[in-house]
Amino acid sequence: MTIEISSDASKAAIASIQRYFKENMDEPIGGLEAGALLSFFLKEVGPAIYNKGVADAQTRLQAWVGELDVEVYEEEFSYWTTQGRKGARS
């Protein structure tokens, strides 16, 4: 599965990479090089991040489903206990 980001996100990521290089490295990086680096990260590191997100979502959903019976439980055959003795014949 190829991980893709929108054009706007790609532009923002490239600008961020360029800024990072400008502020933290000895040499600046051009837009073409920053785009290549972004593509590399999306192909190489992206799947690990994506898989972690999927695993986290799955864990949260499983926890929610595990509590579903508590959240929506309805007492069975409770008519007579909730009505008290009303309607009962003496």
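A few notes on this one:
- All of (1) part of a helix (DSSP H, G or I); (2) charged (D, E, K, R); (3) under 28 Å from Asn51 (Cα atoms) hold for Glu4 with one exception: (1).
- Residues in the range 25-46 include at least one that is outside any helix (DSSP H, G or I) and either touching a residue at least 24 places away in the same chain (Cβ under 8 Å) or within 20 Å of the chain's Cα centre (by Cα) (or both).
- Any chance Glu75 is assigned to a loop (DSSP other than H, G, I, E, B) and either exposed (fewer than 10 other Cβ atoms within 10 Å of the Cβ) or touching a Ser or Thr at 6+ places or on another chain (Cβ under 7 Å) (or both): yes
- Which numbered condition Phe21 fails, given (1) in contact with an Asp or Glu (Cβ under 9 Å, 6 or more places away or on another chain); (2) surrounded by fewer than 10 Cβ atoms within 10 Å (Cβ to Cβ): (2)
Conditions tested, residue by residue: (1) at pLDDT 95 or above; (2) out of contact with any Gly (no Cβ under 9 Å at 6 or more places or on another chain).
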| site | (1), (2) |
| --- | --- |
| Ile17 | yes, no |
| Leu32 | yes, yes |
| Thr59 | yes, yes |
| Tyr73 | no, yes |
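- Residues in the range 3-18 that are surrounded by 11 or more Cβ atoms within 10 Å (Cβ to Cβ) and within 22 Å of the chain's Cα centre (by Cα): Ile3, Ile5, Ala9, Ser10, Ala12, Ala13.
The values are calculated or read from the model by the stated rules, or taken from the named source; none is laboratory data. Computed from a prediction, not measured in an experiment: that's the story for all the values here. Note that each Cβ is placed from the backbone with ideal geometry, even for glycine, and that neighbours are counted across all protein chains shown.
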